[in-house]
Amino acid sequence: MGRARKLLIGIGTGVAVALAMLTRRHMPEEHARRGSVAAIGWAFLLSFGASVSLTVIYALGGQPQAEGAMLFVALGGLSVGLVLWSHLLMPQGIYVEERKLTFDEPEEMEEAEEAFVEGAEQIGRRSFLGKMLAAAVGALGIAFLFPIRSLGKAPGRALFQTAWKAGARAVTEDGLPVRAASLLENSVLTVFPEGHTDAADSQTLLIKTPPGVFHPRSGREDWSPDDIVGFSKICTHAGCPVGLYQAATSQLFCPCHQSVFSVPEGCKPINGPATRALPQLPLAIDGDGFVIAQSDFPEPVGPEFWNFGRH
Amino acid sequence: MVIKRSVEWVDERVGVSGFTHDTLNKVFPDHWSFLFGEIALYAFVVLVATGIFLAMFFNPSLATKIYHGAYAPMRGVRVSAAYGSALDLSFSVRAGLVMRQTHHWAALVFIAAIVVHLCRIFFTGAFRKPREINWWVGLTLLILALFNGFTGYSLLDDLLSGTGLRIAYSIALSIPFLGTWMAFLLFGGEFPSDQIISRLFFTHVFIVPLLIIALISVHLALIWRQKHTQFPGGGRTDRNVHGIRFWPSYATESVGLFFGVASVLTLLGGLAQINPIWLYGPFRVANVTGPAQPDWYLGWLEGALRMFPAWEVRIGGVVIPNPFFPAVLLPGITFMMLYAWPLLERRFTGDYAAHHLLERPHDRPVRTALGVAALAFYVVLFLAGSNDLIAKWFGMPVETVTWVLRIGVIVVPVVAGYVMYWLMSAYRRSGASQFTKVPLAYFRHPRRGPLPRARI
């Protein structure tokens, strides 16, 4: 059933029931003349009708917009009615009540203090037991901290390494290996090490750069066979996938905080809040023409942490 | 008759008639600006009611399955049970979508009402002795509300919320010395762990709501005990309360307000689409949505992250990563300042006395100016949270927008604060009853102008 039909049937029923109620117990003359009572009565009647409509619409299978509109009228009618009732027909004062500036009662406070000190002295006389109690409770308190440790694994070296290993084939999210010859110029592909397509920290961008565009750092000349470069896809700022590649400028953009990385310069950050280049994955091409890794990334991937320099 | 008998029944056993009598006759001051706290309270009631319904259907599990539900474009896609159940309760459960959207809108309104309420308290000096405790309770409620808003929209395991969680993990990671451990303990391991959704769920539906309920109780009990503040004038003093009685006038009006809040929230929930997770798609570790903005109340943090320059600190072998400054230090200082404000202010003004009369913003030009400057600061940060959208609207590079906002975040608060100080000083010195009635001469020389007229 269409939305319009549900709405028509629902509202029609609501109005009909409300009208029936109105004619059955119509307002006494003296009330109808008093504008405020009439207004409040109409508000409640409107609410009543809307609730009936809501029930019918729900029973017909429901429809979000109609439900929202009917709830608005049903609840809103109650609101208008009650607020008007309070403001127009109930005593509005002004009433005046006394209050204290502050709550202090010097005598009571003194008594309370005395009672406390008296009790504390009884404890204080047993200073040996007091110290033992403190030690025992303290030790228990420390023991109670251990469940916190159970919440997660120790960080260990987990942040310093990924699933990439020497000889690991680069595969797509669907697990398909990547043939170097199949990559078109300026194409970008997200890859994982084979068997680890769920390893978030290993996501890597393969970019086939146009010849002569990419300038490898010294010592990394053999990391980009056939001008295919691999960089960690995790932004070094706050860890979002660096999802956008602009071929014209050979730049990578992170859509989260607008960091920009220049691919020809080794994915150095050139704009935005990122402070560190995207780590480069040393690539090679195996005998079957598939892209593989020479090793893991030379440094931790992703957002920095206090000791990330100690890799 | 039934009522009388049941009242007697309870009173014979518990002895409540004295308290009840005082309660029913309690006098409440009335002013439109006092409603924001109530709106927050009633938005919370709507949150609990809709939240209970949603919890009947949501499955906080990361077990994956192929989606075969009612939303055709997603059929055949591998989704987590959490994301799938959120789709199902939106499309297959009758009234489910209205409930979900009303819940989300209620969260946005809840926090907005708290923030406006906080501004009201601040600019009228309602935090002064004896109400410091309630200021602190209220601030803690704000923090809990922000946190629960974030845990709530992070539950659904869609691509947008997954991105938010990833950023939260990176922020935890950036804390010096403790960060790696904190991130691993909170998330149960390296991101994305398989435990985060179930932990978020329990936190979101049990731990934080319980804390919020407990603190709301304290908040209201303190208001009850200390009695509400009131504006000066018409015979109102520090030693009386002018207003309407709790029963029946105030209670009826307040219940009416509850229905009003609920009606607006359900209207939004029915008609205004919010957080359409089926458009974002399920979370995938290597995917990201853009443009991506968090819910409004985290916009200032998002903006700070985007705007903060590419700086980090290296001392010896220790790095303090970039996100630490905008996303840990800034909120830390923000809330420290807010918590400390009642103490700071009385230290600097020397006013250690108790007050029940409120101040008008122009009674305290310095406080008002500082408050407005702070608000301006957070508004600029909020804008920076959408620097990509602003760049798109104006057809400018993002870098330009960011630089304008970096300058703006310093200049705008100073200018706004100064202008406010100027206007409020003139208003105060003129003694005018309304701002629009302040003679222009006072604005030319706000501090040396004509002699003040009779003050109230």
Inset, instruction - Output the residues belonging to segment B:314-343 that are in the same structural domain as B:ILE175 (by TED's automatic domain parsing) and surrounded by fewer than 19 Cβ atoms within 10 Å (Cβ to Cβ). - result: B:ARG314, B:ILE315, B:GLY316, B:GLY317, B:VAL318
Legend entry - All positions within segment B:222-234 that are open to solvent by 50 Å² or more (accessible area, probe 1.4 Å) and either in contact with a Lys or Arg (Cβ under 8 Å, 6 or more places away or on another chain) or assigned to a loop (DSSP other than H, G, I, E, B) (or both): B:TRP224, B:GLY234
Inset, instruction - Return only the number of the condition from (1) out of contact with any Cys (no Cβ under 8 Å at 6 or more places or on another chain); (2) within 10 Å of another protein chain (Cβ to nearest Cβ) that B:ILE167 does not satisfy. - result: (1)
Legend entry - helices (runs of 4 or more DSSP H) fully within segment B:126-221 counting 3 or more residues that are without any contact (Cβ under 8 Å) to a residue 12 or more places away in the chain and more than 23 Å from B:VAL115 (Cβ to Cβ): B:179-187
Legend entry - strands (runs of 3 or more DSSP E) (entirely within segment A:144-234) containing at least 2 residues that are among the β-branched types (Val, Ile, Thr) and in contact with a helix residue (DSSP H, G or I) (Cβ under 8 Å, 6 or more places away or on another chain): A:228-232
Legend entry - In segment B:376-402, residue least open to solvent (accessible area, probe 1.4 Å) [restricted to those that are more than 23 Å from B:ILE167 (Cα to Cα) and part of a helix (DSSP H, G or I)]: B:ALA376
Inset, instruction - Could you grab the pairs with beta carbons closer than 8 Å, sequence gap of 6+ or different chains, first residue in segment A:226-250 and free of Cβ contacts under 8 Å to residues at least 12 places away in the same chain, second one not in a strand (DSSP E or B)? - result: A:LEU244/A:CYS254; A:LEU244/A:PRO255; A:LEU244/B:GLY290
Inset, instruction - Determine whether segment B:249-272 contains at least one residue that is open to solvent by 40 Å² or more (accessible area, probe 1.4 Å) and more than 9 Å from every other protein chain (Cβ to nearest Cβ). - result: no
Inset, instruction - Return a yes/no flag: does segment B:188-199 have any residue that is within 9 Å of chain A (Cβ to nearest Cβ), modelled with pLDDT of 95 or more, farther than 30 Å from A:ILE234 by Cα and open to solvent by 40 Å² or more (accessible area, probe 1.4 Å). - result: no
Inset, instruction - Report yes if some residue within segment B:416-433 is surrounded by 16 or more Cβ atoms within 10 Å (Cβ to Cβ), in contact (Cβ under 8 Å) with a residue 60 or more places away in the chain and within 23 Å of the chain's Cα centre (by Cα); otherwise report no. - result: no
Legend entry - Selection within segment B:265-285 - touching a residue at least 24 places away in the same chain (Cβ under 8 Å) and in a helix (DSSP H, G or I): B:LEU265, B:THR266, B:LEU268, B:GLY269, B:GLY270, B:ILE277, B:TRP278, B:TYR280
Inset, instruction - List every residue pair whose Cβ atoms sit under 6 Å apart, with the two residues 6 or more apart in sequence or on different chains, where the first one lies in segment A:256-277 and is more than 12 Å from chain B (Cβ to nearest Cβ) and at positive phi and the second, anywhere, is charged (D, E, K, R) and not in a strand (DSSP E or B). - result: A:GLY266/A:ARG217
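The values are calculated or read from the model by the stated rules, or taken from the named source; none is laboratory data. Because the structure is predicted, anything quoted here is derived from the model rather than measured. Using ideal geometry, Cβ is built from the backbone for each residue, glycine included, and neighbour counts are taken over all protein chains shown. For the accessible areas, the whole protein counts, side chains as well, though only heavy atoms, and no ligand, DNA or RNA atoms are used. Shrake-Rupley method; radii C 1.70, N 1.55, O 1.52, S 1.80 Å.
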